[in-house]
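Student: Below is one structure. I have some questions about it.
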Amino acid sequence: MSARDRDWDGVRLHVVTGKGGTGKTTLAAALALALASGGKKVLLVEVEGRQGIAQLFDCPPLPYEERRVAVAARGGDVHALAVDAEAALLDYLEMFYGLRRAGQALTRFGVVDFATTIAPGMRDVLLTGKATEAVRRRVRPERAARRGARDEARAPFVYDAVVLDAPPTGRIARFLNVNAEVAGLAKVGPVRNHADRVMEVIRSPETVVHFVTILEEMPVQECLDGIAEVHKAGLNVGGIMVNMVRSPLLDPAGLAEAADGAVDVEAIARGLRAAGLDRPEQVARELSGEVVEHARRLRAETAARERLTAPGRPRYALPHLGEGVDLAGLYRLAEALREQGAA
């Protein structure tokens with residue numbers, strides 16, 4: 001995949017989804033770092049209550065406030081926010097009704113949990129609403145004036161981009177399509193107006209939904225199904241981030257032969273004997289089995305990669321980094337995304 005110009009100029013909300021186990025949160029964090037590179041300011045938002053972002057950046061659990069968690073390559077800052085429905089509801093009550101104290105009293109009686117349980121669409125409105133508010137938030141008028149902006153509408157945005165670590169692919173269309181979710185809750189009034197403002201951002205060209213997958217049958221199929229569902233819902237499909245891509249250990253001809261089971265075990269044994277290793281015949285048989293497995297896995301991955309061309313969306317290949325991703329690995333993934341035009 002050759003490097004190209006930036007794919008997402010004009011996009012300010014990057015929603016990242018993927019099947020569990022594909023590295024969705026890791027690549028959301030890497031994308032935030034890539035977008036911040038070169039002096040930008042990016043907000044990374046999580047909504048599932050797992051504190052995955054804090055673990056990736058090796059920092060204390062995130063509170064319900066925006067905090068800087070990383071400095072990007074070539075300058076730039078990544079801020080992060082962990083949103084929960086209860087805190088977002090308190091913000092909502094304060095914003096529209098001036099009822100923060102009443103809301104705090106309600107939480108003590110479990111009313112908030114009860115309300116969002118019987119009306120799960122309300123929970124999604126609150127969670128997505130916080131991300132979309134950050135997308136539209138501008139520098140305060142007095143600060144904007146110091147930057148030369150004449151009025152609030154021309155003030156610069158607080159964040160150059162927002163990355164939303166969203167729920168898994170199977171729930172993403174419903175999670176984002178908040179207008180449909182609140183249709184049975186409110187036809188008019190502040191709740192409906194709030195949902196309309198959220199959807200105005202989500203359906204705009206400023207927002208795209210990226211899909212994370214690995215080159216295995218089930219994740220690829222779920223990725224393709226998710227893309228179709230998001231497209232059907234009228235939302236903008238972004239790119240496909242192919243995670244944990246392994247490099248071939250043999251040339252194409254050698255891979256083809258190994259995938260068919262044609263491995264010269266005796267040649268391997270001769271090399272092991274020449275190297276002075278013990279039990280060369282046994283080790284050669286074990287190695288040949290691993291070579292065949294490697295070749296067959298890459299053959300299956302090639303077929304899966306071909307299936308991912310069908311949606312016609314940009315694809316980004318991210319390397320397999322071993323058992324876990326540390327902070328250095330996160331920066332490596334960010335650089336790979338940046339080099340491939342994702343930021």
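The values are calculated or read from the model by the stated rules, or taken from the named source; none is laboratory data. Everything numeric in this text was worked out from a predicted model, so none of it was measured. Glycine gets a Cβ as well: all are built from the backbone with ideal geometry, and neighbour counts include every protein chain shown. SASA here: full protein model, heavy atoms, side chains in, ligands and nucleic acids out. Shrake-Rupley method; radii C 1.70, N 1.55, O 1.52, S 1.80 Å.
Student: Residues with amide H under 5 Å of residue 237's amide H, sequence separation 5 or more or different chain, H placed in the peptide plane at 1.01 Å from N; which?
Tutor: Under 5 Å from the amide H of residue 237: 209.
Student: Let me ask you something else. Quick one: net charge around residue 50, please, counting Lys, Arg +1 and Asp, Glu -1 for every other residue with C-beta under 14 Å from its C-beta.
Tutor: Details: positive: 24; negative: 46, 48, 84, 165.
So the surrounding residues net to -3.
Student: So, one more: Using θ = phi - 60° and the Karplus curve 6.51 cos²θ - 1.76 cosθ + 1.60, what whole-Hz ³J(HN,Hα) does each residue of region 45-57 get, with Gly and Pro shown as x?
Tutor: 10, 10, 10, 9, x, 9, 6, x, 5, 4, 5, 5, 8
Student: Please list the non-local residues whose amide H lies under 5 Å from the amide H of residue 70, H modeled 1.01 Å from N, same-chain partners needing a gap of 5 or more.
Tutor: 78
Student: Check residue 41: other-chain or 5+ apart residues with amide H under 5 Å from its amide H, H built from backbone geometry?
Tutor: HN-HN under 5 Å from residue 41: 77, 160, 161.
Student: Whole-Hz ³J(HN,Hα) for each residue in region 244-251, computed from phi via Karplus 6.51 cos²θ - 1.76 cosθ + 1.60 with θ = phi - 60°, x for glycine and proline: what do you get?
Tutor: Per-residue couplings from phi come out as 6, 7, 9, 7, x, 9, 10, 6 Hz.
Student: Using Stokes-Einstein with the Kirkwood hydrodynamic radius over Cα pairs, what translational diffusion coefficient do you get for region 191-343 at 4 °C and a viscosity of 1.567 mPa s, in µm²/s rounded to a whole number?
Tutor: Working: Rh = 18.7 Å.
Translational diffusion coefficient: 69 µm²/s.
Student: How far, in nm, would the chain grow between residue 64 and residue 196 when pulled straight, counting 0.36 nm per residue and subtracting the alpha carbon separation? Each step should come with its number before you reach the end.
Tutor: Values: separation 132, 0.36 × 132 = 47.52 nm, distance 2.39 nm.
Taking residue 64 through residue 196 to full extension adds about 45.1 nm, to one decimal.
Student: A follow-up question, please. For the ranges 167-178, 218-229, 265-276, 291-302, what's the packing order if you count other beta-carbon atoms within 10 Å of each residue, average per peptide, and put the highest first? The partial results should precede the final answer.
Tutor: Details: 167-178: 20.5, 218-229: 18.4, 265-276: 13.2, 291-302: 16.8.
Per-residue Cβ counts within 10 Å, averaged per peptide and sorted highest first, yield 167-178, 218-229, 291-302, 265-276.
Student: Given Cα pairs under 8 Å that are at least 6 residues apart, what percent is the relative contact order of region 187-343?
Tutor: On the way: 149 pairs, mean separation 42.1, N = 157.
Across region 187-343, relative contact order equals 27 percent.
Student: Kirkwood hydrodynamic radius, computed over distinct alpha-carbon pairs, for region 251-333: how many Å, to one decimal? Could you put the intermediate results ahead of the total?
Tutor: On the way: mean 1/r = 0.0641 Å⁻¹.
Answer for region 251-333: a Kirkwood hydrodynamic radius of 15.6 Å.
Student: Any idea of the accessible area per residue across region 44-90, 1.4 Å probe, to the nearest Å²? Kindly include the intermediate steps, with their values, before the conclusion.
Tutor: On the way: 2060 Å² over 47 residues.
Per residue, region 44-90 has an accessible area of 44 Å².
Student: Would you mind checking 40/130; 40/232; 19/130; 19/41 for any pair whose Cα atoms are more than 26 angstrom apart?
Tutor: On the way: 40/130 20 Å; 40/232 33 Å; 19/130 23 Å; 19/41 28 Å.
Exceeds cut-off: 40/232; 19/41.
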